Amino acid sequence: MNRRLLILFFCFTAGLFARAQKLEFVLTGGSGSFAMTDIKKLNSDLQETVPFPTKLTSSFPMTFQFGGYFAARITDHFTLGLIYAYNSTGSRVASGDYSGTYYFDNILTGHSFGLLSGYRVYQHKSLRVDLQANLGVVITNMEMKEDLHVADTSISSSYQYSSTGFYAEPRCEASYSWKYLKAGLYLGYYLNAAGKLQTDEGQKTTTATSWSGIRFGILIGIHQAGY
Amino acid sequence: MHFPGRNILLVLFSLLILVSCEYKPKGDYYRDLSITPPTGVTITIPGSNDTLVSTYGHSYMVSVGCANHSVLFYRVYINDVQKDFQKVKSNDFFIEPSAYTGSGHIYRMTIEVGINTGSGSIGDNLGTEGYLFRREFILVAAVRNTDN
């Protein structure tokens, strides 16, 4: 069923692109915040369970994210396209003293694939402001690592999890065009319906990943003349 | 001109960007702890001195005085041969010397106790570090009635 929908989606998009005369390809780079509520709770539960004092030295900080989109101008105001974004964040619970060290790391990477729909709300010469409503799926991979070194004993374990969830991202984009080039800024909010993590063997957990948070950055791209 | 390696280079470049942008956990939390070795540790069997007359089936309480430290385990040796090992959660525990020996003989019994460092370190909390203290007793194993 999902495969058929995907094929239908691509046929629909390809049709639009074939009809459209004005295309653009844009690369984006920026940063964002990440909710990760469940994994933050997982970390605090772990800190209460571990029999020695620990500190959360890193908790899902804003990191560099990049992506891009390929869009077609369907009407004077309306744009439709495909959008991709890469995010990575994580956390660390650490402890150390003369007797040894302990680290509990979570490393998350998220690939967002979606449909971009934009509406031009303002234009003055080459300066444009677009409002976008982007929808899609985010596929998350999470690596959970635990390392304990005490005296001459070392215990290391690593587990892989993955999740899939839907997202919606209202975004405002201001850009300036010059000949075939385009550059600008964007600001948005990423709403992620949390996807439950599951192991490589398909065993589901009760912990979900949530990439929800603000997004901002710069964009640079190329487009056809008269875009 | 078509350059077949270009696509491969593009994919490799993209992968390189992905890897370089992957979050890398940061931060350390080092606690500068100091260890103070326990002083005045005592291993006693209340009501007995260095010589213990053991009768069959009789248990003796061993009391370890170690202030704020905790006893992790004890070992009992008879003539330098380990006869018992137990993890404990109290500074007082019971041993049954007749279980380790025959009757009608004199033995050298050594009680060895492991005490935590109390430093609060990772090793201390996991019970992988500590101090060993031992005390020797002369054990006189009384003749059992069944031996007569």
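Looking at region A:138-227, what strands (runs of 3 or more DSSP E) fall wholly within it and have at least 3 residues that are among the polar types (S, T, N, Q) and either at pLDDT below 95 or within 27 Å of A:ALA72 (Cα to Cα) (or both)?
Those strands (runs of 3 or more DSSP E) span A:153-178, A:204-209.
This table checks each residue for (1) in a loop (DSSP other than H, G, I, E, B); (2) within 14 Å of chain A (Cβ to nearest Cβ); (3) under 30 Å from A:TYR102 (Cβ atoms).
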residue	(1), (2), (3)
B:PHE93	no, no, no
B:THR101	yes, no, no
B:THR110	no, no, no
B:VAL113	no, no, yes
B:SER119	yes, yes, yes
B:THR128	yes, yes, yes
B:GLU136	no, no, no
B:LEU139	no, no, no
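Does A:PHE66 qualify as being outside any strand (DSSP E or B), modelled with pLDDT under 95 and surrounded by 15 or more Cβ atoms within 10 Å (Cβ to Cβ)? Explain how you work it out, then say what you get.
On the way: outside any strand (DSSP E or B): no; modelled with pLDDT under 95: yes; surrounded by 15 or more Cβ atoms within 10 Å (Cβ to Cβ): yes.
When the stated conditions are applied, A:PHE66 does not pass them.
Restricting to region B:128-144, count the residues that are within 11 Å of the chain's Cα centre (by Cα) and within 10 Å of B:GLY114 (Cα to Cα).
Qualifying residue count for the region: 4.
Go through A:GLY81, A:GLY110, A:GLY96, A:GLY90 for me and flag whichever is away from every other protein chain (no Cβ under 11 Å), part of a strand (DSSP E or B) and among the small types (Gly, Ala, Ser).
The conditions single out A:GLY81.
For region B:24-43, what are the residues that are surrounded by 12 or more Cβ atoms within 10 Å (Cβ to Cβ) and either within 14 Å of A:ARG92 (Cα to Cα) or modelled with pLDDT of 90 or more (or both)?
B:LYS24, B:PRO25, B:LYS26, B:GLY27, B:ASP28, B:TYR29, B:TYR30, B:ARG31, B:LEU33, B:VAL41, B:ILE43
The values are calculated or read from the model by the stated rules, or taken from the named source; none is laboratory data. On a predicted model such as this, the values are computed, not experimentally measured, just so you know. Note that we place each Cβ from the backbone using ideal geometry, even for glycine, and neighbour counts take in every protein chain shown.
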